[in-house]
Every structure is written in C-alpha cells, then in structure tokens.
C-alpha cells in the first residue's frame with residue numbers, strides 16, 4: 001500500500017499507469033547479491049510495482065529509503081512510506097530494490113522469502129468457527145475480502161454493502177445472527193447508528209465496529225452502545241479472526257448484556 005500510494009502521488013499531476021505483479025524467484029547469484037543479509041530460504045516471491053510517473057531524481061535515489069527523508073510538501077504525507085517498506089522487507093529476510101530509468105517512471109522490487117512449511121491448526125487458532133455473521137461495509141472489495149476470510153474460518157456470512165440492507169436482512173431473521181461486524185463510516189447510516197437500530201430489534205446481539213484513526217467513535221461511546229470491540233482498519237486476517245472469536249466467546253446470554261470495548 002505504501003508503494004502504490006507513492007506511485008499514485010507521483011502520477012497525480014500527469015496521470016499514468018500503475019502495474020502490480022508477483023512471481024516466484026529462485027535463489028541464484030543475482031538474488032543472493034541483493035539479499036546480502038541472507039534469509040536461509042531458497043525460494044522467494046518478488047512483488048513488483050511499476051509506475052509511469054516522472055521518475056526519481058538520480059541525486060536523491062540513494063536516500064529514498066532513509067527515515068524522515070521526503071520530497072513531499074507539508075500536508076502531502078509523512079514521507080515514511082519507503083523506509084517502512086524497507087524495514088518490513090529486511091525484517092522478514094528480504095530486500096527492496098528500485099529501478100529508475102532516465103526516461104522516467106520507477107519500478108520497485110520487493111523480495112520476500114517463501115514459507116516452506118505447512119500451516120498447522122494451532123497457527124490459525126486451532127478451531128473452526130461456527131455460526132452466522134452479518135458483515136457490513138460500503139466498500140465492496142472489503143466486503144468480499146472479509147467474507148472470504150470469515151468463510152475460510154468456518155463461519156457462514158451474510159455480506160452487505162449498505163447499512164439499510166443489513167438492517168433489513170437482520171430484521172428478517174434476527175435470531176440467526178450470532179455476531180455483527182460493521183464499518184463505522186458509511187453513507188446515510190454510520191455503524192453506531194446501525195448498532196442502535198439492531199439493538200432495538202435484539203438487544204443482546206454482539207457487535208464489532210471497524211474504525212480508522214479518523215473516526216470519532218471512542219471506546220467510551222462504544223461501551224455506551226454495548227459494542228464488544230473496536231477493530232482498527234486496516235486489519236489482518238488473524239486480527240479479524242481473533243476479534244471474532246473473542247466477541248463470540250463473550251456472547252451475552254439473553255438475560256444480560258456485556259458492554260465492553262477495547263482496541
């Protein structure tokens with residue numbers, strides 16, 4: 001995301017193309033030279049991100065991965081993206097390289113060692129989930145991604161891209177939904193408003209609200225609404241799975257309500 005964001009910024013004035021690809025790479029003399037730190041792996045994935053922007057000034061190319069070095073003006077971002085990419089790749093035994101032709105454009109290659117083992121049941125939480133989850137987000141790509149993740153964990157998912165649709169689906173069979181996961185910032189109806197409407201139908205239904213740093217919902221407001229968890233976006237599959245399992249483990253009985261919120 002950092003690399004794509006930088007590429008988009010580079011092309012913001014004149015437009016252009018952004019290409020993203022990934023391929024297998026075997027350890028050879030060239031990749032061994034690039035991966036000077038060594039990772040112990042024989043097989044790598046190379047993520048390549050290319051833009052057709054104005055390119056990188058040769059005078060600064062040796063500094064682009066330095067923390068706090070930036071060519072962006074005030075208000076255009078922190079300038080920490082490339083150093084973060086470099087740190088993540090190196091931390092996993094990988095590397096980042098850049099190509100900057102004189103004609104313009106830039107290509108970043110991110111090398112990451114391929115995991116060679118098998119994923120055990122202990123690594124994905126050890127148990128498969130059960131029950132139906134109502135998932136709501138106005139961005140269809142997030143809905144489809146989360147739906148795939150939750151289904152792979154064993155849950156049945158009712159996926160909606162609008163709060164009004166989610167409310168109607170919930171109203172049809174409220175007792176069939178074990179958990180609601182909703183985005184906070186959505187058109188026409190935010191997640192906290194949707195939560196109040198759902199709770200009027202079924203007061204004890206557990207709710208997770210997905211929020212970013214700019215949302216105004218606070219842990220205190222979440223507690224007042226009886227929301228189990230505030231999940232910070234963007235989230236990883238493991239984080240979504242952990243929050244889901246935790247919320248269902250704390251699922252209140254029909255005789256009481258839990259009003260806890262955490263990050």
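FYI, it's all coordinate maths here, none of it is from the lab. Since the model is a prediction, treat every value here as computed from it, not as a measurement. In this analysis, Cβ positions are derived from the backbone assuming ideal geometry, glycine residues included, and neighbour counts consider all displayed protein chains.
Results, tabulated for the structure shown:
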item	result
Order of 171, 33 - criterion: other Cβ atoms within 10 Å of each residue's Cβ, fewest first	33, 171
Taking region 132-249 and dividing mean pair separation by its residue count, relative contact order in percent (alpha carbons under 8 Å, at least six apart)	23 percent
Anisotropy class of region 132-249 from Cα gyration tensor, a/c 1.5 cut	rounded
Fewest-first ranking of 208, 49, using other Cβ atoms within 10 Å as the exposure measure	49, 208
Packing-based ranking, highest mean first, of 50-56, 200-206 given that Cβ atoms within 10 Å are counted	50-56, 200-206
Least to most buried among 13, 90 (fewest other Cβ within 10 Å first)	13, 90
Prolate/oblate/rounded call for region 186-245, Cα gyration tensor, a/c under 1.5 rounded	oblate
